[in-house]
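Heads up, the thing below is written out as structure tokens.
Each reported figure results from applying straightforward, stated rules to the coordinates on display, with no laboratory input. All figures in this text were calculated on a predicted structure; none of them were measured in a lab. FYI the Cβ positions are ideal-geometry reconstructions off the backbone, even for glycines, and counts take in every protein chain you see.
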Amino acid sequence: MSSKKTGLYLGTFDPFHNGHYFSIVKSFEFVDEVIIQPHNLRPNSKKHTSLESRLKMCDLGCLDLKKVKVREEKRNVYKHRKDGKFRYQLIKWVEEEIGQAPIVIMGSDKVTKEMYKDSKSELLEIPHIIFLRPGHDELDILKLKNLFKEAYFLNPIGDISSSNIRKLIRKGADVSNFVQNRVLKYIKENNLYV
């Protein structure tokens, strides 16, 4: 087993934005490498851009970061797991591939999701790097720290959201402060979010 620590950043990345980028950069305080893995689409989902486009935006967004790999999961977790433990299964597949448990990277807003609410959740046993999102106060942080077996908390990156970026693009607004130029160029060339 390697002593190298691997961060796993799961999400939709629709689009990959500066908040994602700086979360990865700050995660290198705790990990040696990062795997970014955009989610496959849920069956019949029309909400998100194709996985191929999201993988490409992640690649473009991380071109200047060494030790970052964009990973595509070929297996469809939604067909594989019927019990709703999709995130847990994705983490386990990466663990099998790298030979050790990754450290999961995420925003504190995800902890409020159903998958983390069960105090017996297997997810709480897996190490996490959690970026505090605006709106979480010190009491929230204390509650979060007590939930996880091992967690590292980092200050907010800012209040950047992929859904807000998509809305701004649909309105024709300038989003160059939120996404890297390479990603913005790809969005424009492929008429995404219009």
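Structure above, values below:
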read-out	value
Extension gain from Phe30 to Glu114, taking 0.36 nm per residue of separation minus the Cα-Cα distance	27.6 nm
Computed Rg/Rh of the range 46-129, alpha carbon atoms with Kirkwood Rh	0.97
Rounded to the nearest 20 debye, dipole of the chain from Cβ charges on Lys, Arg, Asp, Glu	700
Highest-first arrangement of 33-39, 175-181, 69-75, 21-27, where packing means the average Cβ count within 10 Å	33-39, 21-27, 175-181, 69-75
Selected from Arg166, Arg54, Arg81 as most flexible by GNM, with the chain as the system and alpha-carbon contacts under 10 Å	Arg81
5 angstrom amide H check on Ile129, placed H, neighbours 5+ away	Val104, Ile105, Met106, Tyr152
Rg over Rh [alpha-carbon atoms, Kirkwood Rh] for the range 1-156	0.94
Amide H contacts of Gly7 (H built 1.01 Å from N, under 5 Å, at least 5 apart or other chain)	Asp32, Glu33, Val34, Ile35, Ile103
Base-10 log of normalised Debye intensity for the range 15-71 (one unit scatterer per alpha-carbon) at q = 0.17, 0.21, 0.25, 0.30 Å⁻¹	-0.56, -0.79, -1.01, -1.30
